[in-house]
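Enquirer: I have a structure here, written as structure tokens, and I will follow up with some questions on it.
The values are calculated or read from the model by the stated rules, or taken from the named source; none is laboratory data. Not measured: the values here are computed from a predicted model. Cβ: placed from backbone, ideal geometry, glycine included. Neighbour counts: every protein chain shown. Side chains are part of the model used for accessible areas, which takes the heavy atoms of the whole protein and leaves out ligands, DNA and RNA. Shrake-Rupley method; radii C 1.70, N 1.55, O 1.52, S 1.80 Å.
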Amino acid sequence: MSLSSPPWVVPLNTASATPVYVQVARGLAARIEGGDLADGTALPAERELAGTLGVSRVTVRQALALLAQQGLLTRRHGSGTFVHAPAPERAPRPLGLLTGFSDDIRSRGQTPGARVLGFECAHPTPREVMTLALSPTDTVYRVRRLRTADGEPLAVEESTLPASVMGPLSEDDVTDRSLYGLLAARGLSPVRAVRHLRAVNAEPELAGWLGVSPGAALLATERVSWTADGRPIEHARAHYRGDRYDFVMELHGGRTG
């Protein structure tokens, strides 16, 4: 970056197989993490940023959405987009606070299980390209499993994992095994995740797997997890039985101004 260039001007390689919006997101993330874009800095409007970088507004919008999902930007309606840099004194949360299903079930004194309902290696969907920072020509593993506790169905989990990062993976690798345990064994433990939670009603297929009536209350989650070096490692979706599973969150009060 030249001394006269604003910190949001990042180098791009249009000949690269990496989507341009991912390049923009990675470049801005590096400037945020390197301190060139300080916490609270306002970014230019999408039109101005697109013109400065020589890309389309759609590309800028996709890049900013990815950074917001990673917690590096805050988008305020009517005000603009602002940098949300991680506090330098705050260490990453340990993996113990980002538990997988198996560890959670064991902590409840039960035995976890995982029956594979579907397994494939394919090209990513447009949404997976965005959430996992991939190229459309890359490949991903998609794993759908019925998760049990002491043999009782509790959840249907669907995980998408980048094949280039995971390495070889088979159906046997994820049968009755902890996926987070497998990631840890390969040096790919997630240390940060963003999870969305909502209530839904069971569709017939899900109801059959979970042993509930169609329309029964379920808890649906969607999560993207990152490794310590900032690589997205998993895009996960899950449906939990609302009558047998709960989530516990520890909350802390903030300072009052």
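Enquirer: Is at least one residue of segment 159-173 surrounded by fewer than 16 Cβ atoms within 10 Å (Cβ to Cβ), under 18 Å from the mean Cα position of the chain (by Cα), more than 23 Å from GLN110 (Cβ to Cβ) and at pLDDT 90 or above?
Expert: Checked against the condition, which is being surrounded by fewer than 16 Cβ atoms within 10 Å (Cβ to Cβ), under 18 Å from the mean Cα position of the chain (by Cα), more than 23 Å from GLN110 (Cβ to Cβ) and at pLDDT 90 or above, segment 159-173 yields at least one hit.
Enquirer: Next question, about the same structure. Any residue at all in segment 177-184 that's open to solvent by less than 60 Å² (accessible area, probe 1.4 Å) and either under 21 Å from LEU218 (Cα atoms) or of a type in the set (Val, Ile, Thr) (or both)?
Expert: Of the residues in segment 177-184, the ones open to solvent by less than 60 Å² (accessible area, probe 1.4 Å) are 178-184.
With either under 21 Å from LEU218 (Cα atoms) or of a type in the set (Val, Ile, Thr) (or both) added as a condition, the list becomes none.
So far as segment 177-184 goes, no, none of its residues is open to solvent by less than 60 Å² (accessible area, probe 1.4 Å) and either under 21 Å from LEU218 (Cα atoms) or of a type in the set (Val, Ile, Thr) (or both).
Enquirer: Additional query: Would you check if PRO126 is at negative phi, open to solvent by 60 Å² or more (accessible area, probe 1.4 Å) and under 15 Å from the mean Cα position of the chain (by Cα)? Reasoning before the result, please.
Expert: Working: at negative phi: yes; open to solvent by 60 Å² or more (accessible area, probe 1.4 Å): yes; under 15 Å from the mean Cα position of the chain (by Cα): yes.
Answer is yes for this residue.
Enquirer: Hey, another quick one. Which of the residues belonging to segment 119-147 are touching a residue at least 40 places away in the same chain (Cβ under 8 Å), closer than 22 Å to LEU206 by Cβ and outside any helix (DSSP H, G or I)?
Expert: Listed by number, the residues that qualify are PHE119, LEU146, ARG147.
Enquirer: Taking the condition loosely packed, with under 13 Cβ neighbours inside 10 Å and of a type outside the set (A, V, I, L, M, F, W, C), does ARG198 pass? Don't jump to the end; show me each part of the working.
Expert: On the way: loosely packed, with under 13 Cβ neighbours inside 10 Å: yes; of a type outside the set (A, V, I, L, M, F, W, C): yes.
Considered against the rule, which asks whether it is loosely packed, with under 13 Cβ neighbours inside 10 Å and of a type outside the set (A, V, I, L, M, F, W, C), ARG198 comes out as yes.
Enquirer: Going by the conditions given, is ALA193 out of contact with any Gly (no Cβ under 6 Å at 6 or more places or on another chain), under 20 Å from ARG106 (Cβ atoms), open to solvent by less than 50 Å² (accessible area, probe 1.4 Å) and not β-branched (Val, Ile, Thr)?
Expert: Numbers: out of contact with any Gly (no Cβ under 6 Å at 6 or more places or on another chain): yes; under 20 Å from ARG106 (Cβ atoms): yes; open to solvent by less than 50 Å² (accessible area, probe 1.4 Å): yes; not β-branched (Val, Ile, Thr): yes.
Yes: the conditions hold for ALA193.
Enquirer: Does VAL116 fit the bill of being farther than 19 Å from ARG223 by Cβ and surrounded by 14 or more Cβ atoms within 10 Å (Cβ to Cβ)? Walk me through it before giving the result.
Expert: Working: farther than 19 Å from ARG223 by Cβ: yes; surrounded by 14 or more Cβ atoms within 10 Å (Cβ to Cβ): yes.
So VAL116 fits the description; yes.
Enquirer: Out of the residues in segment 198-238 that are polar (S, T, N, Q) and touching a strand residue (DSSP E or B) at 6+ places or on another chain (Cβ under 9 Å), which is farthest from SER178 (Cα to Cα)?
Expert: Within segment 198-238, the subset polar (S, T, N, Q) is 201, 213, 221, 225, 227.
This time we only want the ones that are touching a strand residue (DSSP E or B) at 6+ places or on another chain (Cβ under 9 Å), so: 201, 221, 225, 227.
Working: ASN201: 27, THR221: 18, SER225: 15, THR227: 17 Å.
This residue is ASN201.
Enquirer: Counting only residues that are under 24 Å from LEU210 (Cβ atoms) and either surrounded by 14 or more Cβ atoms within 10 Å (Cβ to Cβ) or of a type in the set (Phe, Trp, Tyr) (or both), how many does segment 129-152 have?
Expert: Keep residues of segment 129-152 that are under 24 Å from LEU210 (Cβ atoms), which gives 141-152.
Restricting the remaining residues to those that are either surrounded by 14 or more Cβ atoms within 10 Å (Cβ to Cβ) or of a type in the set (Phe, Trp, Tyr) (or both) gives 141-149.
Final tally of qualifying residues: 9.
Enquirer: I'd like the full set of residues that are part of a helix (DSSP H, G or I) and either in contact with a helix residue (DSSP H, G or I) (Cβ under 6 Å, 6 or more places away or on another chain) or not charged (D, E, K, R) (or both), limited to segment 157-172. Can you show your working first?
Expert: First, pick out the residues of segment 157-172 that are part of a helix (DSSP H, G or I): 163-166, 172.
Matches in segment 157-172: ALA163, SER164, VAL165, MET166.
Enquirer: I'd like the residue in segment 43-58 that is open to solvent by less than 30 Å² (accessible area, probe 1.4 Å) and part of a helix (DSSP H, G or I) and, out of all such residues, is nearest to VAL24 (Cα to Cα).
Expert: Result: LEU53.
Enquirer: Residues in segment 59-84 that are in contact with an Asp or Glu (Cβ under 9 Å, 6 or more places away or on another chain) and either within 21 Å of ALA15 (Cα to Cα) or not in a strand (DSSP E or B) (or both): how many?
Expert: Start the filter on segment 59-84 by keeping residues that are in contact with an Asp or Glu (Cβ under 9 Å, 6 or more places away or on another chain), which leaves 60-61, 64, 72, 81-84.
Right, trim to either within 21 Å of ALA15 (Cα to Cα) or not in a strand (DSSP E or B) (or both) and you get 60-61, 64, 72, 84.
Residues meeting the conditions: 5.
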